[in-house]
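The values are calculated or read from the model by the stated rules, or taken from the named source; none is laboratory data. Bear in mind the structure is a predicted one, so any value in this text is a computation, not a measurement. When we count neighbours, we look across all protein chains shown, and the Cβ atoms used for this are built from the backbone with ideal geometry, even at glycine. The accessibility values were calculated without ligands, DNA or RNA, using every heavy atom of the protein model including side chains. Shrake-Rupley method; radii C 1.70, N 1.55, O 1.52, S 1.80 Å.
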Amino acid sequence: IGEVAMAAQDGGADAVTCSNTFPAMAIDEQTWRPVLGNITGGLSGPAIKPIALRNVWEAAKRVSIPIIASGGAVSWQDVVQFLLAGASAVEIGSASLRDPLCFRSIIEGVESYLNDRGLLSVYDLIGNLKTS
C-alpha cells in the first residue's frame, strides 16, 4: 500500500484514501445461496479497521500528501487512532448508516480527548504514533 500511495503522489495526486472495503462474501447455510445479490461485495465497518489502520500507517511512512482514512471508524477512539497512524481526515461510513447522528458524539469525543491532553488541534495527533 505504501508503494501504491507513493505512485499516486508521484503521479500528481493531492491526497490518497486508504482503505474503504475489501472483497468478501456471505453464504446462507439454509438456502446454500449467496446472501448478496451480486454474490460478492465489499466488507466494511469495524471488521476491517485493523487492516485499514495498518494501511494508513504504511502509506503515511511513504508519502507527504494527506491521507484520508476509510474503513472501520465508528467512534472517537477510532478517529484518534487513525490520526495517530497518519491520517489527515477520517471517513465515517457504516456507523452513520446505523446512527445518522453519530458525528456529534465522535466530534465531542475527539474534542474532549484533545482538551484532556492539553492539545490545541487534531494536527497535534497526525502521524504521532509512538513505535518505541
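Taking the conditions (1) open to solvent by less than 40 Å² (accessible area, probe 1.4 Å); (2) within 24 Å of G2 (Cα to Cα); (3) in contact with a Ser or Thr (Cβ under 7 Å, 6 or more places away or on another chain); (4) not β-branched (V, I, T) in turn, S94 satisfies each one other than (2).
Here P23, P50 are screened, and the one residue that is part of a strand (DSSP E or B) and surrounded by fewer than 13 Cβ atoms within 10 Å (Cβ to Cβ) is P23. Looking across the stretch 29-47, the residues that are surrounded by fewer than 10 Cβ atoms within 10 Å (Cβ to Cβ) and either touching a strand residue (DSSP E or B) at 6+ places or on another chain (Cβ under 6 Å) or modelled with pLDDT of 95 or more (or both) come down to E29, Q30, T31, W32. Checking each residue in the stretch 53-73 for being open to solvent by 80 Å² or more (accessible area, probe 1.4 Å), over 10 Å from the mean Cα position of the chain (by Cα) and without any contact (Cβ under 8 Å) to a residue 60 or more places away in the chain picks out K61, S64.
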